[in-house]
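Working notes, structure below.
The values are calculated or read from the model by the stated rules, or taken from the named source; none is laboratory data. Computed from a prediction, not measured in an experiment: that's the story for all the values here. As a convention, Cβ positions derive from the backbone with ideal geometry for all residues, glycine included, and neighbour counts pool all protein chains shown. In case anyone asks, the SASA skips ligands and DNA or RNA and just uses the protein heavy atoms, side chains included. Shrake-Rupley method; radii C 1.70, N 1.55, O 1.52, S 1.80 Å.
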Amino acid sequence: IQKTEFEAQVNRSVSFVLKQDDEFLIWGPASVEVVDKEQDKINVEALDKALPQLLKRASLSYAHTDQLVGKILERFETDEEVEVEINGQTYKRDSFPTSVLDLDDGNPPAMFVAGEVFNDTNQAQEVREKIESGEINSYSISGEALVTQKQVDGDMVYDDIIEMDLSAVTLCEEGMNQ
């Protein structure tokens, strides 16, 4: 058991972008319970337990820098159901929460994040443009693993993160699990 810094990024892209008037809202998976490139697997129960800590900070940054380009929302809703594609499957939703969700699609549960990207700085405006063009299509989380357990699965050895501090979500171009 050891305390370590970690970053986790996901190969599922930001699933939904809603532009309305001056609002630019996004929603998609930020962490999935799979072993990443750094041989870490973040337990979804640990993510769920750490969510209140993340929502208290609620900052959305760009590329793991101190450039704040938006905020994490507890949820946003649409007036009508909209189609959202996740992992090649289409879902109809009108509520987009920051929450750990199991979509019953055969994939592991994931922590989904709802966010608003501002337009009050050049950096935020550039991030909006990069999201629209597909250049930025992933979230990444940062925090600290407080309790880990070494796991062995065949030839793979990894750290199962079972308790954590969750400090940040950032928008990025390539995820840890890609």
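For this structure, a couple of remarks:
- Pairs where the first residue, in the stretch 36-60, is of a type in the set (Ser, Thr, Tyr) and the second is outside any helix (DSSP H, G or I), C-beta under 6 Å, 6+ apart: Ser59/Leu68
- When the strands (runs of 3 or more DSSP E) confined to the stretch 76-128 are screened for residues that are open to solvent by 50 Å² or more (accessible area, probe 1.4 Å) and not charged (D, E, K, R), those reaching at least 1 such residues are found at 89-97.
- Boolean, Ile162 is open to solvent by 30 Å² or more (accessible area, probe 1.4 Å), hydrophobic (A, V, I, L, M, F, W, C) and touching a Ser or Thr at 6+ places or on another chain (Cβ under 8 Å): yes
- Scanning the stretch 65-96 for residues that are in contact with a Phe, Trp or Tyr (Cβ under 7 Å, 6 or more places away or on another chain), under 25 Å from Glu33 (Cβ atoms) and modelled with pLDDT of 90 or more yields Arg75, Phe76, Phe96.
- Gln151 being assigned to a strand (DSSP E or B) and over 15 Å from Ile26 (Cβ atoms): yes
- Per the listing Thr148, Thr98, Thr170, the residue uniquely of a type in the set (Val, Ile, Thr) and over 22 Å from Leu55 (Cα atoms) is Thr148.
- The sole residue among Gln39, Gln67 that is of a type in the set (S, T, N, Q) and surrounded by 14 or more Cβ atoms within 10 Å (Cβ to Cβ) is Gln67.
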